[in-house]
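Asker: Supplied in structure tokens, the structure appears directly below.
Where a number appears in this text, it was derived from the coordinates with a stated rule and is not lab data. Because the structure is a prediction, the values reported are computed rather than measured. Cβ placement follows ideal geometry from the backbone for every residue including glycine, while neighbour counts extend to all protein chains displayed.
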Ligand SMILES: Cc1cc2nc3c(=O)[nH]c(=O)nc-3n(C[C@H](O)[C@H](O)[C@H](O)COP(=O)(O)OP(=O)(O)OC[C@H]3O[C@@H](n4cnc5c(N)ncnc54)[C@H](O)[C@@H]3O)c2cc1C
């Protein structure tokens, strides 16, 4: 094999890799590790200066900030061999210890009218809460849970691309409020569809959040990324940063090479794109009409005295309006619902030895509105400040805390996400329509990541691994 020297990585870079991975997010890194276990000449091309994509980190005033991580889903016991997290780690040849995961303290779904469902990583606790809050729906809820345990979300029904989870729940649960309360966290952590979810995705997320539960690394997402990159380097895989792909060169249904911004071309045998479906088609010179709306979010980071924050809540999903609406808002931000995350409230997390802790607030946002606002730089900054102030007031009311000594750290709009990851409309969960088989109609080019359909951190890594297993390893 011919090799060239890669200035950004100690590992030599293959000249014509067996696999070229577009994007150094979690799906791309997982895919590359999986392939490198058998064929070390794998190369990841990442446009940014570091890996992680949507779930990365940056430094400000010497302090590390995570871009995305609230919680990692699918926290199963290490001896549950069939659990997705353990399956994933086996496929990567990594141990549970490498990720140093810590379970949540406890989370809540809070709706207007004082209705609250609490849940932990023990599913019985949620069932007990349903018994208290929705006693008339308990039997139906238990039947639903059993149905979801037996259901195989990966067994495709021929010709059926989308089954409405909302319609399915309407038939099974007598109280529509319970349906909304269950859909709220599952949507915020994994739906690209307005006011609904694909039933298979609902089943995957129900298992990920309620049956298995939430966790975080003891430190930060950087530790997870470092562990993954260390594993990749052990396998002699290469990664190149500041390597933005501007075109995929193809002929007769076969991808031959990619072109970078500076004109350099890199040949490949196989190509796996994790940058999104329409984003990949654009590199192939195929324009796509914009389909259904894409969901964007704003995320605020604020520091507060630890003494003013509750110590027993990890995540609070909330809705303050009469009807839960999960859709692109008419205004720049929809403050009526969202997610409040307290990263310090995971068991045995190292955290920082300071008197303050971080609170992250998330709401649905409108990309187009933010684009219009951003035509005036000052207005954009002012709107971000206004959104932060309003979001903090909502967090104060929902959590019942004092925000007197709150310090604004940062906020991201859909424009921030689009700028740093190239995601169209800054849509974290990508397009509403997924390409579940990863097949783009090429012999050697496939899709993984957000638009293949598995969402979130564990989902995106499973996507990368499963697409390599299905399309690439059997042919190499
Ligand atoms: C604010 C926020 C909070 C979140 N919270 C959670 C959470 O708590 N739990 C959870 O499980 N998930 C969370 N997520 C979602 C999770 O981060 C994503 O689902 C997951 O990281 C997607 O990974 P991916 O590899 O599919 O895509 P991406 O992370 O988007 O990776 C794609 C990569 O491709 C690169 N790229 C794009 N175009 C090009 C190009 N032309 N050339 C080269 N490189 C390119 C991008 O820079 C990026 O690094 C959150 C996301 C955000 C933004």
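Asker: Using the alpha-carbon atoms, what tilt in degrees (0 to 90, nearest 10) does helix 138-150 show relative to the longest principal axis of the chain?
Answerer: 10 degrees
Asker: Tell me, what is the FRET efficiency for residue 246 and residue 439 to the nearest 0.05, using R0 = 22 angstrom and their Cβ-Cβ distance as r?
Answerer: Taking R0 as 22 Å, the efficiency between residue 246 and residue 439 is 0.40.
Asker: Post the alpha-carbon centroid distance, segment 174-231 to segment 51-107, in whole angstrom.
Answerer: Using only Cα atoms, the two centres lie 13 Å from each other.
Asker: So what's the gap between the Cα centers of segment 409-476 and segment 306-346, to the nearest angstrom?
Answerer: Measuring centre to centre over Cα atoms gives 26 Å.
Asker: What distance in nm lies between label points placed 7 Å from Cα along the C-beta direction at residue 321 and residue 354?
Answerer: 3.5 nm
Asker: If I take R0 = 35 Å and measure r between the Cβ atoms of residue 195 and residue 127 in this structure, what FRET efficiency does the formula 1/(1 + (r/R0)^6) give, to the nearest 0.05? Display every interim value, and only then the final one.
Answerer: Values: r = 26 Å, r/R0 = 0.74.
So, using R0 = 35 Å, E works out to roughly 0.85.
Asker: In addition: Give me the extension gain from residue 402 to residue 371: residue separation times 0.36 nm, minus the current Cα-Cα distance, reported in nm with one decimal.
Answerer: Value of the extension gain: 7.9 nm.
Asker: Counting C-alpha atoms alone, how compact is segment 297-449: give Rg to one decimal and Dmax as a whole number, in angstrom.
Answerer: Rg, Dmax (Cα atoms, Å): 17.9, 59.
Asker: Additional query: I'd like the orientation of helix 456-467 relative to the chain: the angle between its Cα long axis and the longest Cα principal axis, in ° from 0 to 90, rounded to 10.
Answerer: That works out to roughly 30 degrees.
Asker: Please say if segment 190-248 is rounded, prolate or oblate, where rounded means a/c under 1.5 for a ≥ b ≥ c the square roots of the C-alpha gyration tensor eigenvalues, and otherwise the choice is prolate for a/b larger than b/c and oblate otherwise?
Answerer: oblate
Asker: For the residue pair residue 259 and residue 347, what label-to-label distance in nm results when each label sits 7 Å from Cα along the Cα-to-beta-carbon direction?
Answerer: The modelled label-to-label distance comes out at 5.5 nm.
Asker: Where does each of 38-45, 23-30, 100-107 land if you order them by average Cβ count within 10 Å, highest first?
Answerer: Per-residue mean Cβ counts within 10 Å order the peptides as 23-30, 38-45, 100-107.
Asker: Give the Rg (one decimal place) followed by the Dmax (whole number) of the chain, computed from C-alpha coordinates and expressed in Å.
Answerer: That works out to 21.9, 68 Å for Rg and Dmax.
Asker: Can you tell me the mean projection area, over all orientations, of the convex hull of segment 136-267's alpha carbons? Units nm², please.
Answerer: Projected over every direction and averaged, the Cα hull of segment 136-267 covers 13.3 nm².
Asker: Name the shape class, rounded, prolate or oblate, that the alpha-carbon gyration tensor gives for segment 1-109, where a ≥ b ≥ c are the square roots of its eigenvalues, rounded holds for a/c under 1.5, and otherwise prolate holds if a/b is larger than b/c and oblate otherwise.
Answerer: Because a/c hits 1.5 or more and a/b fails to exceed b/c, segment 1-109 counts as oblate.
Asker: Once you have all Cα-Cα distances for segment 410-467, histogram them in 10 Å bins from zero and send the whole-percent values.
Answerer: Percent of Cα pairs in each bin: 24, 45, 26, 4, 0.
Asker: If each Cα of segment 121-205 is one equal point scatterer, what is log10 of I(q)/I(0) from the Debye formula at q = 0.19, 0.20 Å⁻¹?
Answerer: Here the Debye-derived log intensity ratios amount to -0.89, -0.98.
Asker: Could you work out how far helix 176-188 tilts from the main Cα principal axis of the chain, as a 0 to 90 degree angle to the nearest 10?
Answerer: 40 degrees
Asker: Under the rule a/c < 1.5 gives rounded, and otherwise a/b versus b/c splits prolate from oblate, where does segment 248-332 land using the Cα gyration tensor? Spell out each step's value before the answer.
Answerer: On the way: a/c = 3.68, a/b = 2.11, b/c = 1.74.
Because a/c hits 1.5 or more and a/b exceeds b/c, segment 248-332 counts as prolate.
Asker: Once every DSSP H run of n ≥ 4 in the chain is given -39500 (n - 2.57) and the sum is divided by its residues, what mean residue ellipticity at 222 nm do you get, rounded to the nearest 500 deg cm²/dmol? Mind dumping the intermediate values first?
Answerer: Working: 13 runs with 144 residues, N = 476.
That comes out to -9000 deg cm²/dmol.
Asker: Hey, what's the per residue convex hull volume over the C-alpha atoms of segment 296-360, in cubic angstrom?
Answerer: Numbers: hull volume 7.1 nm³, N = 65.
Measuring per residue, one finds 109 Å³ for the Cα hull of segment 296-360.
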